[in-house]
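Peer 1: Sharing a structure, written as structure tokens. Questions coming.
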Amino acid sequence: MKARRMLGAITLLGVVLAAVLLLGGCGARETPPVTVPDGAQAGDLTPLELCEFQPAGSKETYDAECGTLTVPENWDDPNARVIALPVVRIPATGPNPAEPVFILLGGPGSPNTLFAPQGWLRDDHDVIMVGYRGVEGSVKLACPEVSALSSDYLGKALFSDEANADLVAGAKQCAADHRAADVDLGGYTAVGVVEDMEAARAALGYERVNLWSESYGTRVAQLYAYLHPDSLHRVMMIGLNPPGHFVYDPAVLDDMIRRISDLCAQDPGCSGRTDDLAQAMYDVNHSMPDRWLLFPIDPGSIRLGTHFMFFSNSNMPMVFDMYLAAADGDPSGLAMLNVMGPFLLPADQLRMGDFFNKGGTLDLEYYQGPESISLGDSIMGAPLSEWIWSMAEAWPLELVPAELRQLQESDVDMLIVNGTVDFSTPPTALDEVKPYYRNAQYVLLPEFSHVGDVRNLQPAAFERLVTSYYDTGVADDSLFELQPLSFEPSISLVTMAKLGVAAVVLVPLLLVGGVLVIVRRVRRR
């Protein structure tokens, strides 16, 4: 019994360290409470005051200006009550700033005031962050019961009928609790976010603004371009998310895995372990063992953890190594990922109600039931959609107008950047929008995954891309070089699992050995 407890403690320590390495220490931080100023009306912005701004997960602090924006809870209701949102402006450091840059980060359910702008962006642009309604304002659509249940079932039976029933019930209860608190859920949409940004633009006195948008934020940017094109100068979208892409398609994910499998065949190390990486992953996912030693393995949790880890090039090799080891009869890496699940899944960091509301009001019609996103005969299924959409379907939703749930033609100046192996916003989206966005430039980065890769893998090239686009309207991607996807992990889940078990065996032996030495010395005396 003591050995098992020690095993749990050591494993937990290893998991915490691994999670910090994997997630880059970028956990969410609670923002100070935001309240509606006395007597404030919709559209009011309190006078900006000097403040020290430090984005969560960043060591950088900025001399900024902070204020509170008051907006209607529901922009479509003339009698709606007002809510408050935080506003942060980091002024340009140069003497003649060009159009400001409004930030639209990913989610839904995640904060927007997390951006840490580089000096090269602040040289010529004010940087503006407006908190997302439902996440950072005076009303937060949190669902702690759903987050707790998700964490409880992770690593055990995540996609079981019991888990699904409990999560659906939790989502229904969360919605009922918010409604009982007089929250108008119909106001918390991506369209509402657009109007918040437009209200901030007007209150700050900017004629036109640039947008920096990422992932979910690119959907907000597209809506902004439809609704207020004259307010926009240039729009950058990283990880494009057009209509329908909150619901993952297993076939699209499979195609990217097969593309990676072709790269594996060209890599001496990877091809030496398998003739077909995609087939190896398929075989493991369809015949996964239920445990390794004392450690359980939940197939749904493994697939969900894999989906999250595929959002970053640096994490992908760990997944490849885990699957290839399992295909060779060593499931220890699967067990390690199973233990790490609660640290990878951001349920406790997301405002889950906000995710349901904003994602559902845009894309619920694209959800064709659990069979369309489950493992079925695919390589991996669409596990992130399996987790989200069973609950979101139970959330009371009123879809935004039909024309805003579809692609529309636009002449707004756009730069769209995606990676070819982006498992969050797959690159197929680029072909979908090309007939509609008539003044867009497209940059497709080979073997890059999601937003973090685009920003960080080749920072000098990314700086050139962004500054050239905002400064001239012509994006210069000439500094990007092919950066082949690695199949050799810097740290292996298999190794981590075995070191943890070895430590469990060695520590008791060392303790016993130490006790025997002490006893022998005492007896000699």
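Where a number appears in this text, it was derived from the coordinates with a stated rule and is not lab data. Keep in mind that this is a model prediction, so the values were computed, not measured. Neighbour counts run over all protein chains shown; Cβ positions are idealised from the backbone, glycine included.
Peer 1: Taking the beta-carbon count within 10 Å as an exposure proxy, list Y442, Y224 from fewest neighbours to most.
Peer 2: Y442, Y224
Peer 1: What order do you get for R234, R273 when you list them from fewest to most C-beta neighbours inside 10 Å? List each step's numbers first, then the result.
Peer 2: Numbers: R234 23, R273 17.
Least crowded to most crowded, the residues run R273, R234.
Peer 1: Would you mind ranking W292, W120 by Cβ crowding within 10 Å, fewest neighbours first?
Peer 2: W120, W292
Peer 1: So what is the relative contact order for the chain, in percent, with contacts set as C-alpha pairs under 8 Å and at least six apart?
Peer 2: About 17 percent, as a whole number.
Peer 1: If a/c stays under 1.5 just call it rounded; otherwise compare a/b with b/c (prolate if a/b is bigger, oblate if not). Do that for region 181-243, with a ≥ b ≥ c from the square roots of the Cα gyration tensor eigenvalues. Write down the numbers at each step before the final one.
Peer 2: Details: a/c = 2.32, a/b = 1.20, b/c = 1.93.
Note, shape of region 181-243 comes out oblate.
Peer 1: For region 354-439, with the dipole built from +1 on Lys and Arg beta-carbon atoms and -1 on Asp and Glu ones, taken about the Cα centre, which of P426, W389, G369 lies farthest toward the positive end?
Peer 2: Among P426, W389, G369, the one farthest towards the positive end of the dipole of region 354-439 is P426.
Peer 1: Decide, for region 332-484, between rounded, prolate and oblate: order the square roots of the alpha carbon gyration tensor eigenvalues as a ≥ b ≥ c, take rounded if a/c falls under 1.5, and otherwise choose prolate if a/b is larger than b/c, else oblate.
Peer 2: Cα axes put region 332-484 in the oblate bin.
Peer 1: Taking square-rooted eigenvalues a ≥ b ≥ c of the alpha carbon gyration tensor, is region 45-192 rounded, prolate or oblate, where a/c under 1.5 means rounded and, failing that, a/b exceeding b/c means prolate?
Peer 2: oblate
Peer 1: Given charges of +1 on the Cβ of Lys and Arg and -1 on the Cβ of Asp and Glu, with all other atoms neutral, how large is the dipole of region 236-368 about its Cα centre, in debye to the nearest 20?
Peer 2: 340
Peer 1: Add -39500 (n - 2.57) for each DSSP H run of 4 or more in the chain, then divide by its residues: what number comes out at 222 nm, to the nearest 500 deg cm²/dmol?
Peer 2: The helix-only estimate for the chain comes to -13500 deg cm²/dmol at 222 nm.
Peer 1: Provide the per-residue ³J(HN,Hα) series for region 357-367, in order, calculated from phi with Karplus coefficients 6.51, -1.76, 1.60 and θ = phi - 60°, each as a whole number of Hz, with x at glycine and proline positions.
Peer 2: 5, 6, x, x, 5, 9, 10, 4, 5, 7, 7
Peer 1: Longest span of the chain, sites excluded, free of GluC sites (Glu not before Pro) in DSSP loop with at most 15 other C-beta atoms within 10 Å?
Peer 2: 208-397
Peer 1: Among L457, G39, L253, whose Cα lies farthest out toward the positive end of the dipole of the chain, if unit charges sit on the beta carbon of Lys, Arg (+1) and Asp, Glu (-1)?
Peer 2: It is L457, whose Cα lies furthest towards the positive end.
Peer 1: Provide the net charge surrounding V71, with neighbours chosen by a C-beta distance below 11 Å and charges set as Lys +1, Arg +1, Asp -1, Glu -1.
Peer 2: Neighbourhood net charge equals -3.
Peer 1: If you don't mind, another one. Of [x] 35; [y] 39; [z] 59, which one was derived for percent of Cα pairs over 36 Å apart from the structure shown?
Peer 2: Entry [x].
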